[in-house]
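Please treat every number below as a calculation from the coordinates, not as lab data. All values derive from a computational prediction rather than experimental measurement. Note that each Cβ is placed from the backbone with ideal geometry, even for glycine, and that neighbours are counted across all protein chains shown.
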Amino acid sequence: MPRFEIDVDPCDHITADAIGKPGQRVFYLQAYQEQRTITIIIEKAQLQSLAIGIEQFLAQISQQAPDLEEASGDYVEEVIRINPPVDPLFRAGEIGLGYDKDRDRAVIFTNRPSTPPRGAFDTPEAELGVKASGLPDLRIIGGGGLAWISRRRGLNSGDFLKPSPVHALAALRLALGDTLELALEAAAGLALDGTMDPDWTRLDESDLHVFEDSAKGLRSAQAAAHVLKEHGISLRTSLYGVSDSEPKRAALSAAGASLFDDIQTALACVEGLEGINR
């Protein structure tokens, strides 16, 4: 599936802020590069986690490289405010923090979710990707839907993303013909509450083929199979890791997947799926 990427490198300045009255505020992350400004919507909990992560990250870097100049906590309030126009490109699904040792730079990365049920606001990256891949009818469980069910459960928007079993369980219910909303409700009900409706039994003794480019996705499928097994539902699970990146291949292999350089080669290993993406 094609990737849609926005790379703000180098980033001249990055900041976060909130707009609105308490209880109705919307949180934003904004990055600047020369004359370009990139703004995304984030959750309050994501911003708090990012702040904690940066603090821990700086402490680790200080220990690993004591010769580096210590980061300053000084700031100018006017500078850290986000600048208009506030035109967010998307709502973040996940946010991560990393370090590029060779360039001595911190890296913040995020991904866009998919469209959630009931018309709640989100951006349809997953749907755009499926359309571009030539498989427009492929059903999707993405960040938008998972954020929707997370909020209904009073949880953070990213709590059900892979490697959570809810992600894979919801995908299985879509495969059974559920609507997106019913699939999400059934998956969360089984994983969190142990609610076992009769439709889950239709999966017993089924073959589950998982094609993934991330170890988290494989672990989500494995966790889903474990949850079902606890309720007497047995799946024959086959894992296929698809990537030409050596670090990713190592992680996929460690998760128990057979490795393939491309999706066509992986699909060809399963009878009936040969050439599905050609």
Under 8 Å for C-alpha pairs, at least 6 residues apart: give me the relative contact order for the chain, rounded to a whole percent.
10
With viscosity set to 1.306 mPa s at 10 °C, what whole-number translational diffusion coefficient in µm²/s follows for the chain from Stokes-Einstein and a Kirkwood radius over Cα pairs?
76
Among all lysine pairs in the chain that are eight or more places apart or on different chains, how many have alpha carbons less than 26 angstrom apart?
13
Once Lys and Arg get +1 and Asp and Glu get -1 on their Cβ, which of His167, Ala186, Phe211 lies farthest toward the positive end of the dipole of the chain?
Ala186
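What does the convex hull of the Cα atoms of the stretch 13-111 come to per residue, in Å³, rounded to a whole number?
Working: hull volume 12.7 nm³, N = 99.
In the stretch 13-111, the Cα hull volume divided by residue count equals 128 Å³.
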Where Rh denotes the Kirkwood radius from the mean inverse Cα pair distance, what is Rg over Rh for the stretch 117-267?
0.96
Take Gln63 and Lys216, extend 7 Å from each Cα along the Cα→Cβ direction, and tell me the distance between the two endpoints in nm.
2.4
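Can you list the DSSP H helices in the chain whose Cα atoms extend at least 24 Å along the helix axis and whose mean Kyte-Doolittle hydropathy is 0.0 or higher? It would help to have the intermediate numbers written out before the result.
Details: long enough: 44-64 (30 Å, 0.13).
Within the chain the helices that satisfy the rule are 44-64.
In debye to the nearest 20, how big a dipole does the chain give about its Cα centre with +1 on each Lys and Arg Cβ and -1 on each Asp and Glu Cβ?
Working: 27 positive and 42 negative charges, 163 e Å.
Rounded to the nearest 20 debye, it is 780 debye.
DSSP loop (so not H, G, I, E, B), at most 16 other Cβ within 10 Å: list which trypsin sites (Lys or Arg not before Pro) in the stretch 1-98 pass both filters. Walk me through the intermediate numbers first.
Details: sites: Arg3, Arg25, Arg36, Lys44, Arg81, Arg91; in loops: Arg3, Arg25, Arg81.
Answer in residue order: Arg3, Arg25, Arg81.
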